[in-house]
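Read-outs throughout are calculated quantities, based only on the coordinates presented, and are distinct from any laboratory measurement. All figures in this text were calculated on a predicted structure; none of them were measured in a lab. Cβ placement follows ideal geometry from the backbone for every residue including glycine, while neighbour counts extend to all protein chains displayed.
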Amino acid sequence: MNILRQLLRRLIPMFSIVVIATFLLSLLMRLLPGDPAAIMIPNGSIDQQIEIAKETGLDRGLFGYYWKWFSDVFTGDFGKYYLNGGYRDLGGVIADTLPVTLMLIIYAQIVALTIAIPLGLASAYKEGKRFDRITSTVMFTTVSFPSFALALIFSLIFAVNLGWVDPIGYVSPSENLGEHLKLMILPVMSLAFGLASGYTRLLRTDVIATLKDDYVTMAASKGISNRRVLWRHVFRPSSTTLLTSAALNMGGLIGGTIVIETIFVIPGIGYEIFYSIGARQVVAMQTLIALISIGYVFFNTMVDLLTQITDPRTRERRA
Amino acid sequence: MAGSGKAHMRPEGDVVLEVNDLVVEFKLGKNQIVKAVSGVSFDLIRGETLAVVGESGCGKSTLGKAILQLPKPTGGSVNFLSKELTTMGKKELRDMRPAMQMIFQDPVSSLDPRLPVSEVIAEPLRVWNRGNEVEISAKIDELLLAANLDPAVVRDRRSYEFSGGQCQRISIARSLALDPTMIICDEPVSALDVSVQAQILNLLQDMKDRYGLTLIFISHDLAVVKAVSTRVMVMYLGKVCEVAPPEELYQNTKHHYTKALVGSVPIPDPDRPISGNLIQGEPPSPLNPPSGCRFRTRCPQASDLCAQEEPQLREVSLGHFVACHHPVGE
Amino acid sequence: MPDNSLSSTETAEPVVKTKKPRKTIGFYLASAWISLVMFLALFGWVLPTPQWDEASYDNLGVAPFHPSHILGTTNDGYDMMASIVNGAKISIIVSLVAVLIGGGIGSFIGITAAYFRGKYDFAVTMIFNIMLSIPNLVLSLALLSVLAYSDENNPASMTRRVVVLIISLIIVIIPILGRIARGSALQWGSREFVLASKSMGSKNFFIIRKHILPNVAPAILAIGFLAVGSVIIVEGSLALLGIGIPGGASWGSMLANGRGNIEYSPHEVYLPALCIAFTVISFNWFGDYVRVKLDKRESKI
């Protein structure tokens, strides 16, 4: 089976899911109590509302509105925030905020993996010993600790009580790298904590299974040092599972950052969703939520496809 | 070689089941059709044990399930106790079910692990409202005893606490609960240890004698078949090759495929030379079976005729039918 | 005639005894915490606390262990203990109702899809995939911000918001548990005892009820416990974003209200945060316990 056919077999369902999901979001707009244009500018004149309805396609039927929305987004016109004093172009807003969110997610992944890899390996190596039991229990407890509860408790301890960092705020890395990193510590830790626990457990299970494989026993019986066996023969095969899982988490993390960005007032895409709800910018909210969903579906499909192309085992199994 | 035909059908006699031109096909994806069973006909006389033999994938299990209309076959007719099953409505068909039962290959998988043995056996009785709790309980004990299991020990245990052989005994007990006329045994012993196989075969034989059953015995193992059957039907890729009583089939094998099967039965004799007649390779795909005789691609005697014309079953000696253009020894 | 069954020649394998998974200390702690929360949710009204929504203006933002307010008060003078108890009620009701109804609907759809297959199954799988393609917080956010939309012209009552919240959470839960139920039912439905039951004339819904549902139930239960945890997290997140339950009526809502007062009365934040965290962790422990038990059983069968 060639790669192109694989690609098509994935992309067609992906595309249909995107179309149906975004259509349902458009349908939701129509379920709002009252005219969306009036909701967006409650103090605006009737003329302004008609103007907005025309611009967004809200004056058309459900399908007309969806088609307008879809073709606009597809051609790069993401719509606007309709504010009392004027408007802000949403495309510009996304260009400003998306990198911030991505940065936050990537930092969180790096921190989580840095914690998880040594812990997972050590825990698996000492399976059943006290170190493993304690790590496993702690990790199981923290994996389900809600990130927003963690965020609030962290800011209570480190910002309010100890005063080490500011509780809220954001500085871009080009402006002041040190300050940027300092402000990112709490949000990143809040996100990374649960992730790290999940990765540690995953790696531990995988490594324990690999350690029981015959080729590992063989390598050990050749007299290769434990450290080398663990690294070369055990971690390498297990790392694929870990990285796949980390990649699949990227999409889900976008959802998680909405709350974290709101708590720490970080100008990312999640904070924009919070803002659009507060400012009653329902059309902008629809676009932002749709973009996050599209990104999520797209990312998951790509990861799936990549693992299939790179891992001959899954390729054979599906063929 | 593997072909169709109805020369082996017996109009006289107390016929329990008559299958005519049965076809079972499955859709696989868009344009592909698996031809699992392609025009099989046979009949079954009361008290008979018909063995259906063939290698895995020849459609013998599908045939067994199609007779029970699970699912309904694609074409052909199944006449059971003088009633046509294929055209029956849901309700009528359901009323026929008690008379035809099935025993499955995987003894463990055929019992619900959540139910105690007593409930497993009570299920058909409850489905059909056969008696009150006391009567059902008595019937359970009777059936377990008949299957050589001690009710006091077995009743409250669950299937995963038993060995494969014991599970198969429970299955047999369950299949007898509704006093069936016919039981289809789908490879009932192939998942069991050889030592246990004989016990289960004996049990089946006992049950058959005691309850006056008619059996269809599906198997890939000719040695097992020889022990139980009164008539053997050899199948290859959804078609019938040869029909004969077991002794006749062994001593006077006519079909090249049967010959290969007989040759592959291990005989515990170290001095016996290894038969050089084993067939090569895998059977062709049922997605796209060969034209004419389906066995021709692996047959040592295949000729042009075999590719053009499908052989029909014909009688070569009394009660011995073969579907082959060039039978062994002719 | 009876061969004393278990002593016959076939009993090469010993009879497997059902061994229960070890109950860890975490399991006991989780049980204790859930029992406490349940007790507070059901019988919290017997406690001698002030009304949760009546402020005491003499005691604004007092710390815990105050003689008349055991857990202190909020900056606006609301009794924390009363709020926690009331929050337990709302949070538990919302999440349990959502998971029970959503899980029920999802399991029914998933199991029937797996059992009947065909176009119905195709449609169900497609719809589940679409719903799962939106992160669950984002999905409930979209549903809630529209269906429970509220402003001066369109005020949404508290009941309406709670009902809409529960409906949104149900919609989020349906595909999560539905997919688990479908996967598990596909596995069990291909077992021969289902075919055996069909062959003896059982009707489809009898088979589903008697053979499929009991076998699928543990898997649904395990994920169901995890789902209760995620629903509590989603509820809290929505409240923090200002579109969940308002006015400090749930734990999440208490967090949202208390967040601004973190410097003056930190217990307004850490008490509900810890309540949410402990409850989520406890439900996860339960789910894990069921899963381990299930794995052990599966490996036997």
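Considering only alpha-carbon pairs that sit under 8 angstrom and 6 or more positions apart, the relative contact order computed for chain C is 23 percent. The order of C:M38, C:M80, A:M29, going from fewest to most other C-beta atoms within 10 Å of their C-beta, is C:M38, A:M29, C:M80. Evaluated with a Cβ-only charge set (Lys, Arg +1; Asp, Glu -1), the stretch C:175-301 carries a dipole of roughly 960 debye about its Cα centre, given to the nearest 20.
Taking N as the residue count of chain A, its C-alpha radius of gyration divided by 2.2 N^0.38 Å amounts to 1.22.
Kyte-Doolittle cut-off 1.6, length cut-off 27 Å along the helix's own axis using Cα: show which whole DSSP H helices in chain A pass. Flagged H segments are A:90-125. Sparsely packed loop sites in the stretch B:25-112 (the trypsin sites (Lys or Arg not before Pro) outside DSSP H, G, I, E and B with at most 12 other Cβ atoms within 10 Å) comprise B:K30. Look at C:V85, A:V19 and count the other Cβ atoms within 10 Å of each Cβ; fewest to most, that gives A:V19, C:V85. Once C-alpha pairs closer than 8 Å and six or more residues apart are averaged by separation and normalised to the residue number of chain A, the relative contact order reads 24 percent.
Its alpha carbons give chain C an Rg and a Dmax of 23.9, 87 Å. Converting the Cα gyration tensor eigenvalues of the stretch A:12-90 into ellipsoid dimensions via √(5λ) gives semi-axes, longest first, of 25, 14, 10 Å. Using Cβ point charges alone (K and R +1, D and E -1), the dipole size of the stretch A:12-90 about the Cα centre works out to roughly 180 debye. Summary value for chain B: 26 percent relative contact order, contacts being C-alpha pairs under 8 angstrom separated by 6+ residues. Charged side chains reduced to their Cβ positions (Lys and Arg at +1, Asp and Glu at -1) give the protein assembly as shown a dipole of some 1180 debye around its Cα centre.
With the convex hull of the Cα atoms taken as the outline of the protein assembly as shown, the averaged projected area works out to 50.0 nm².
Cβ crowding within 10 Å ranks A:M218, B:M88 as A:M218, B:M88, fewest other Cβ atoms first.
Using a 4.7 Å Cβ-Cβ cutoff, the cysteines of the protein assembly as shown lacking any partner cysteine are B:C58, B:C167, B:C185, B:C241, B:C299, B:C324, C:C275. Taking the inverse of the mean 1/r over every pair of distinct Cα atoms in the stretch C:85-136 gives a Kirkwood hydrodynamic radius of 12.7 Å.
For the stretch C:239-299, the set of GluC sites (Glu not before Pro) satisfying both a DSSP loop assignment and a count of at most 15 other C-beta atoms within 10 Å is given as C:E263. When DSSP beta bridges are restricted to pairs lying wholly in the protein assembly as shown, around 65% turn out antiparallel.
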